[in-house]
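Below is one structure; the comments refer to it alone.
The values are calculated or read from the model by the stated rules, or taken from the named source; none is laboratory data. A quick note: this is a predicted structure, and the numbers were derived from the prediction, not measured. Every residue, glycine among them, receives a Cβ derived from its backbone with ideal geometry; neighbour counts consider all protein chains shown.
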Number of protein chains: 2
Amino acid sequence: MTSHPKHYSSKLDLKNGTVDMTHGSGGRAMAQLIDELFVHYFDNDLLRQANDQATFSIPAGRMSISTDGHVISPLFFPGGDIGSLSVHGTLNDVAMSGAKPLYLAAGFILEEGFPLSELEQIIQSMGRASAKAGVPVVTGDTKVVERGSGDGIFITTTAVGIVPEGVNIAGDRAQPGDKILVSGTLGDHGVAILSSRENLEFETTIESDSAALHGLIADLVAAVPDIHCLRDPTRGGLATTLNELAKQSDVGMRIIEKKLPIQPAVNAACELLGLDPLYVANEGKLICIAAAEHADKLLATMQQHPNGKDAAIIGEVIEDKMGFVQLETSFGGNRVIDWLVGEQLPRIC
Amino acid sequence: MTSHPKHYSSKLDLKNGTVDMTHGSGGRAMAQLIDELFVHYFDNDLLRQANDQATFSIPAGRMSISTDGHVISPLFFPGGDIGSLSVHGTLNDVAMSGAKPLYLAAGFILEEGFPLSELEQIIQSMGRASAKAGVPVVTGDTKVVERGSGDGIFITTTAVGIVPEGVNIAGDRAQPGDKILVSGTLGDHGVAILSSRENLEFETTIESDSAALHGLIADLVAAVPDIHCLRDPTRGGLATTLNELAKQSDVGMRIIEKKLPIQPAVNAACELLGLDPLYVANEGKLICIAAAEHADKLLATMQQHPNGKDAAIIGEVIEDKMGFVQLETSFGGNRVIDWLVGEQLPRIC
């Protein structure tokens, strides 16, 4: 992200202006957009250096990298917007390796005609989320496509982090006998998005759970360095994520319906909308799998953290070469929870 | 990028199939797309681990990160396609810090209805470019937007690399007296894209110069560790990039028109199209600024490398608090080469 500390003939019209093709051309208009929006709201030394890359010192060790595109619709929703989501979502993917996220890179694809006022709101929100998480946006890129070739704004973020020594968290480490924990209520994000998309009004507004989880994860890793798996149940929800982990680890899983934390309002909305909360996306929750002996300590650690107060032990890993995820229903029955096959909710993140 | 090593009921129809919304849903269709295309063509151990992030060991030192969105139109052009471009462009941004690029992350935003056959061609080309460069794509993400909300495919790539000890290359290090070098002919990429967009036929096909430059840079840094600035003159071309560097370093620059390497066919095409080759994008060239005493050695090193055979010393850095870039024209005159103000070529990368 190259910026230019000189003056422009006039300030960007953030009230009534819109994105035009010159904002992606590499020339003066792009430089102004970067200066007056990106550098202004992401303010940090590395970005201000205005090179096409950011360079920083790192210790020797294991590094984690993850990237995520964000195409959510609508751009603004109860509990967040595409800006804060694009910070939280990618930080979380890096943190799920046990890493401490250090830096973010952000790539913007803007559609010609997108209001600069909305862009400012989004960049401001990204800046706030990144400052709160302590992970600065140190480099970036902006492209503009013609009207009709995009949809307002897409944001692809990439995060890097350092994994503490002795930590080895991966999807293939679940073992029979391990306990499965979830850090809080399920389905909040997906239901919040769908409600706002459909203009549904419930008695209480359901908010997205979008949040950065690296603080919670640092506490968990400090309490129990030998966590086997961590993963955030985003697209496809809890059911799909457990199936992924079961396949990767070549194990089965058994979860207990009545242990699943689900807000009554989310349950009600799911019934109304014909959704199964097990398949609905979350953006501020994690699944944690570890040896049974550590489960109580992990649960207590979660419950002490603001992002884990509704945490629960929801089941266990079992031997099963078929890799099935089974649900013990509230009525005492058993059913297999398969992958999401079709599509439940498009553009949920 | 989570993948799933199990079998699907049938293979993807790469000949006649198209992208649909389920390919972005996080469920089974997305897993299949990842397995049969991304993991297949990017084949490497880290990606195959199928976690939402990639984790690798690094030495202590300085790390460089850069991200670039690619929205080029058309997707396929003489000399490359959006796949190879998205590898080269981002590797180059990292390499311009003197770093050796190590890993790539890739985020895809696909439009519903995009032919899987074209997607396969692009992924195959990315895989080839990344293998040739020795920089694997180790993690990724796929999103799908509805028909009409995107434009086939956008690819945002992020690269990380390690800066060798003692190397300190940055845009603010140009000093009066330094020499300015360029590694080869100017304007090839932009003219190739515009010609293919307008269906123009010239006597010889002008090919994009899209190439990974980290090999050339490694040679330059080995020859002269104290290079002051490196930057690739992409969007906005040589003129814009020199203006950026002049501003960052608080210096002026004087370049000599008759020293500028420009292919005759590119010059002719620019005249026909009303373009100034100084403002036309390059995707496989670099500007190098270093103390005058090192200039000949840098030039010789460039000329010995396949990516630098047409290299030239094109001018020098001068004292100028106004930060002007001046061109000494072939007729002996002098003119100021300003920033690109409007937009020369949209969606050139």
Query raised in the report: Got a sec? Which of A:Ser64, A:Ser57 is surrounded by 24 or more Cβ atoms within 10 Å (Cβ to Cβ) and among the hydroxyl-bearing types (Ser, Thr, Tyr)?
Result: A:Ser64
Query raised in the report: Within region A:36-50, how many residues are within 12 Å of chain B (Cβ to nearest Cβ) and without any contact (Cβ under 8 Å) to a residue 60 or more places away in the chain?
Result: 3
Report task. For B:Leu75, state whether it is within 30 Å of B:Ile289 (Cα to Cα), modelled with pLDDT of 95 or more and in contact with a helix residue (DSSP H, G or I) (Cβ under 8 Å, 6 or more places away or on another chain). Result -> no
Report task. Inspect all residues belonging to region B:131-139 and state whether any of them is surrounded by 19 or more Cβ atoms within 10 Å (Cβ to Cβ), out of contact with any strand residue (DSSP E or B) (no Cβ under 6 Å at 6 or more places or on another chain) and touching a residue at least 40 places away in the same chain (Cβ under 8 Å). Result -> yes
Report summary line: Every listed condition ((1) within 14 Å of chain B (Cβ to nearest Cβ); (2) under 26 Å from A:Thr90 (Cβ atoms); (3) not hydrophobic (A, V, I, L, M, F, W, C)) holds for A:Gly284 save (1)
Query - Top-ranked residue in region B:28-81 [being in a helix (DSSP H, G or I) and among the β-branched types (Val, Ile, Thr); ranked as farthest from B:Asp141 (Cα to Cα)] - result: B:Val39
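Can you tell me which residue is nearest to B:Phe56 (Cα to Cα) among those in region B:151-174 that are of a type in the set (S, T, N, Q) and assigned by TED's automatic domain parsing to the domain that holds B:Ser97?
B:Thr158
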Query raised in the report: Can you tell me which residues in region A:17-27 are at pLDDT 90 or above, touching a Phe, Trp or Tyr at 6+ places or on another chain (Cβ under 7 Å) and not in a strand (DSSP E or B)?
Result: A:Val19
Requested in this report: Scan region A:204-213 residue by residue and report those that are surrounded by fewer than 24 Cβ atoms within 10 Å (Cβ to Cβ) and either modelled with pLDDT under 95 or in a helix (DSSP H, G or I) (or both).
Outcome: A:Thr204, A:Thr205
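Every residue, every condition in (1) surrounded by 17 or more Cβ atoms within 10 Å (Cβ to Cβ); (2) over 18 Å from B:Ala192 (Cβ atoms), yes or no:
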site: B:Thr241; (1), (2): yes, yes
site: B:Leu245; (1), (2): yes, yes
site: B:Ser249; (1), (2): yes, yes
site: B:Lys259; (1), (2): no, yes
site: B:Cys270; (1), (2): yes, no
site: B:Asp276; (1), (2): no, no
site: B:Cys288; (1), (2): yes, yes
site: B:Ala311; (1), (2): yes, yes
Query raised in the report: Can you find even one residue in region B:293-312 that is touching a His at 6+ places or on another chain (Cβ under 9 Å), in the same structural domain as B:Ser196 (by TED's automatic domain parsing) and of a type outside the set (Gly, Ala, Ser)?
Result: no
**Report entry** Residue satisfying condition, being part of a loop (DSSP other than H, G, I, E, B) and at pLDDT 95 or above, within set B:Asp219, B:Asp296, B:Asp226
**Finding:** B:Asp226
**Report entry** Matching residues in region B:142-153 - criterion: being touching a residue at least 40 places away in the same chain (Cβ under 8 Å) and either small (Gly, Ala, Ser) or over 9 Å from B:Glu111 (Cα atoms) (or both)
**Finding:** B:Thr142, B:Gly150, B:Gly152
Report task. Confirm whether A:Gly252 is out of contact with any Ser or Thr (no Cβ under 6 Å at 6 or more places or on another chain) and at positive phi. Result -> no
Query raised in the report: Say we look at region B:70-109 and pick out the residues that are buried (at least 24 other Cβ atoms within 10 Å of the Cβ) and hydroxyl-bearing (Ser, Thr, Tyr); which of these is farthest from the other protein chains (Cβ to nearest Cβ)?
Result: B:Ser84
